[in-house]
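Scroll down for the structure; my scribbles are underneath it.
Values quoted throughout were computed directly from the atomic coordinates according to the rules given, and no laboratory measurement underlies them. Just so it is clear, the structure is predicted and the values come from calculations on it, not from any experiment. Neighbour counts are summed over all protein chains in view; Cβ atoms, including those assigned to glycine, are modelled from backbone coordinates with ideal geometry.
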2 protein chains.
Amino acid sequence: MNNTGENKFTPLSEIGEFGLIKHLTENIELKHSSSVKGVGDDAAVLYYPESQILVTTDLLTEGIHFNLMYTPLKHLGYKAAVVNFSDIYAMNAVPRQIVVSLALSKKFSLEWVEELYSGILLACEKYNVDLVGGDTNSSLTGMTISITAIGEAKKEDIVYRNGAKENDLICVTGNLGAAYMGLQLLERELRIYESSGGAQPSFNGYDYVLERQLKPEARKDIIQILKEIEVKPTAMMDISDGLSSEILTLCNQSDKGCLIFQNKIPVDTDTIKVADEFNIEPSTCALNGGEDYELLFTVNIHDYDKIASCSKISIIGHILEDVGIRRLVLNDESELELKAMGWNAMKMD
Amino acid sequence: MNNTGENKFTPLSEIGEFGLIKHLTENIELKHSSSVKGVGDDAAVLYYPESQILVTTDLLTEGIHFNLMYTPLKHLGYKAAVVNFSDIYAMNAVPRQIVVSLALSKKFSLEWVEELYSGILLACEKYNVDLVGGDTNSSLTGMTISITAIGEAKKEDIVYRNGAKENDLICVTGNLGAAYMGLQLLERELRIYESSGGAQPSFNGYDYVLERQLKPEARKDIIQILKEIEVKPTAMMDISDGLSSEILTLCNQSDKGCLIFQNKIPVDTDTIKVADEFNIEPSTCALNGGEDYELLFTVNIHDYDKIASCSKISIIGHILEDVGIRRLVLNDESELELKAMGWNAMKMD
């Protein structure tokens, strides 16, 4: 758990807005020729003479999207950047630049903001992205992080959500449900910590699901693999809510139905172990849990061999022409209507 | 004053995140061929085959940047968009697209968010900008608005902050200090309202300064005029903090000094009237007040005649080679060091 009580740090008021931005950004080197001008003017300047440009934005608020009691700031910065990269990859494109806005209340010191920024910059380094601008402000309470990512792709490479055709194979990358179980675990330990007056949590043996929750990765590798095996998906999106919700969105946008098979949904053995401990059916984590940032896509059935030979991709079902049928086939061959029970950031009630 | 106590509105929980985004964006028509794909996929897709692209972002938080007790939501949406357009114009470029992220606490109903969005869309309409994406989330307390704007310009037209040369004329558009006096007035009336148990504020005769605070405009017209009179500024930025702070930034980035003249700083008669009422020296509002969203720029002295004939532009001083001299010449010909007392959104102390 983070210790929020210390007071040996530099208050942000000492350094001021301009000082903070300068401090955080002065060592940033731009990697891409498309990044003409980065931080330091009214706007960043980019140049993409032959590509289409992709823009996506995500806003994360304290208490809704993250809890600083169990989220290290560096991980938070990393995740805030990665979820945006994931949206760009989900268009079969490549992220190139981000702009970062922060709102911070008085409780945050310079050192905390540095930690957050170091996570953002680590993600930029790993995914080869330039940080080119931003805005740093105060807030009355808590922290808000807003990141906008810009990516590029050739027009003919971009994959939208609406292109799924009858008989297309439905594919997902990696495995699902781990991030959700990681969150359950963190929240359980926080409850114990709070009710016990400070008992230290025991996370031994839970590394995998915790890492999937706290430090997710975007599937840059899959975009490269798809290029190498010369498969262009017919539709694609990332899995930030649960698989059910995302499949329904893809079917809605493509005006199609689908069948998916419970026994084909990839769930890691570590996830199954934690799900058992919590008495949750593992495929429920995958279908309704969120934040895995895997990719969901459809491919033409002629690409079956190429996809089936890739260990990072699972074929979990297929597209139907009938928009009225969107079903999960259970292990006992009975069928369930897919419902968007998705983990929903809009927890307004 | 807004009445925040009513409860006849639609709770956002009834409509959900997807429903809200659909509701707010389903009637948006894209105006630009550069807006290839708008709201509804993982990312928006843009295409600028021959232009450089400009990106700027601003994040506004309740209680710091706006107070919903006196800010109508429609005005707030309008302003949140316009401040981003202003940053794009300040590069001598034209805004084309925005993405909008909102974080909203439980107190906001669907109707309130519609009001906010109607202001954003009105600004888009007036400034000919497409809304192409966004994110809508909940927050534990208050409202946060994050907008990222994308603009375009030919490489040779873009004006940075660092190009001011010795003897260049320092120019500002419109007049300054009005938005600051509008804010003082609103805060005074709010204090009276709160201490009197609800006395209605009297804003008669204060329309101009209130409008400058609540519904600022970006100087699209100036960018057009500069093109028409064939003047390309050597350096430019918008005036979102006070004039002092902005001039110092421009001088810092250009590695130059400056002299500006108190009696040349344009302040509207309505602003002077309110400043007198508050016992504030009018040029102090201009120098240290913020949020006017006018443009500050420098031009070569050979452009003097073209600039002097434009009623919307005031020449307030000139650039010096000596970086050590950055002074305000007062009406009595004494000189003061320029200080960045700027209205600073980073109110951390």
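Report the antiparallel proportion of the DSSP beta bridges in region A:232-335 as a percent, rounded to a multiple of 5.
On the way: 10 of 14 bridges.
Of all bridge pairs located within region A:232-335, approximately 70 percent are antiparallel.
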Problem - Backbone HN-Hα couplings from phi across region B:218-223 [Karplus 6.51/-1.76/1.60, Hz, Gly and Pro as x] - result: 8, 8, 3, 4, 5, 4
Practice task
Taking amide H positions as placed in the peptide plane 1.01 Å from N, state which residues far from residue A:96 in sequence (5 or more) or on other chains have amide H under 5 Å from it.
Solution key: A:150, A:151, A:152
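From other protein chains only, count the Cβ atoms within 10 Å of every residue's Cβ in B:14-23, then give the mean.
Values: counts 2, 2, 6, 7, 9, 1, 2, 1, 0, 0.
Mean shielding by partner chains, rounded to a whole number: 3.
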Problem - Phi to ³J(HN,Hα) by Karplus 6.51 cos²θ - 1.76 cosθ + 1.60 over region A:270-276, Hz, x for Gly, Pro - result: 5, 5, 4, 4, 5, 4, 4
Completion exercise
If N is the residue count of the protein assembly as shown, its Cα Rg over 2.2 N^0.38 Å rounds to 1.00
Handout entry: MRE, 222 nm, helices only [DSSP H, n ≥ 4, -39500 (n - 2.57), over chain B, to nearest 500]
Key = -10500 deg cm²/dmol
Completion exercise
Whole-Hz Karplus couplings 3J(HN,Hα) for region B:90-100, θ = phi - 60° and coefficients 6.51, -1.76, 1.60, Gly and Pro as x, run 5, 9, 6, 10, 10, x, 10, 9, 9, 10, 10
Exercise for the section: State whether region A:1-108 is rounded, prolate or oblate according to the following rule on the C-alpha gyration tensor (a ≥ b ≥ c being the square roots of its eigenvalues): a/c under 1.5 gives rounded; otherwise a/b larger than b/c gives prolate, and the remaining case gives oblate. Expected result: oblate
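Calculated FRET efficiency, residue A:140 and residue B:230, Cβ-Cβ r, R0 60 Å, to nearest 0.05? All intermediate terms of the calculation are to be shown ahead of the outcome.
Details: r = 48 Å, r/R0 = 0.79.
So the FRET efficiency works out to roughly 0.80.
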Problem - Shape call, region B:169-337: gyration tensor on alpha carbons, a/c limit 1.5 - result: prolate
Completion exercise
Between residue B:336 and residue B:199, the FRET efficiency computed from the C-beta separation at R0 = 30 Å comes out, to the nearest 0.05, as 0.15
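Quick one: what do you get for chain B if you divide its Cα Rg by 2.2 N^0.38 Å?
Normalised Rg, Cα atoms only: 1.04.
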Handout entry: Net charge dipole size for the protein assembly as shown [Lys, Arg +1 and Asp, Glu -1 on Cβ; Debye, nearest 20]
Key = 140 debye
Fill in the blank from the handout: Copies of residue B:9 compared via label points 7 Å along Cα→Cβ give distances in nm, shortest first, of 3.4
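Set the bar at 25 Å for Cα to Cα. Now go through B:31/B:154; A:79/A:154; A:74/A:312; B:232/B:256; A:215/A:339 and name every pair that lies beyond it.
A:79/A:154; A:74/A:312; A:215/A:339
Need one value for B:149-156: mean number of C-beta atoms belonging to other chains within 10 Å of its residues' C-beta atoms.
Values: counts 2, 7, 3, 0, 2, 0, 3, 0.
Shielding by partners across B:149-156 averages 2.
Antiparallel versus total DSSP beta bridges in the protein assembly as shown: what percent is that, nearest 5? Present the calculation step by step, with values, prior to reporting the outcome.
Numbers: 96 of 122 bridges.
Expressed as a percentage, antiparallel bridges in the protein assembly as shown total about 80.
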Fill in the blank from the handout: Sorted by chain and number, the residues with a modelled amide H under 5 Å from that of residue B:135, at a separation of 5 or more or across chains, are B:100, B:101, B:102
Completion exercise
Checked against the positive end of the charge dipole of region B:12-157 (+1 on Cβ of Lys and Arg, -1 on Cβ of Asp and Glu, about the Cα centre), the farthest of B:132, B:70, B:143 is B:70
Handout entry: Ascending list, in nanometres, of distances separating the residue B:199 label from those of the other copies (7 Å, Cα toward Cβ)
Key = 5.9
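With Cβ to Cβ distances under 9 Å as the rule, what net charge do the other residues near residue A:337 carry (K, R +1; D, E -1)? Present the calculation step by step, with values, prior to reporting the outcome.
Numbers: positive: A:326, A:327, A:339; negative: A:335.
Result for the local shell: +2.
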Exercise for the section: For region B:169-337, calculate the relative contact order in percent as a whole number, restricting contacts to Cα pairs under 8 Å that are 6 or more residues apart. Expected result: 41 percent
Exercise for the section: In whole angstrom, note down how far apart the Cα centers of region B:102-122 and region B:6-73 are. Expected result: 10 Å
Problem - Shortest-first nm distances, residue A:154 label point to equivalent points in other copies (7 Å, Cα→Cβ) - result: 2.9
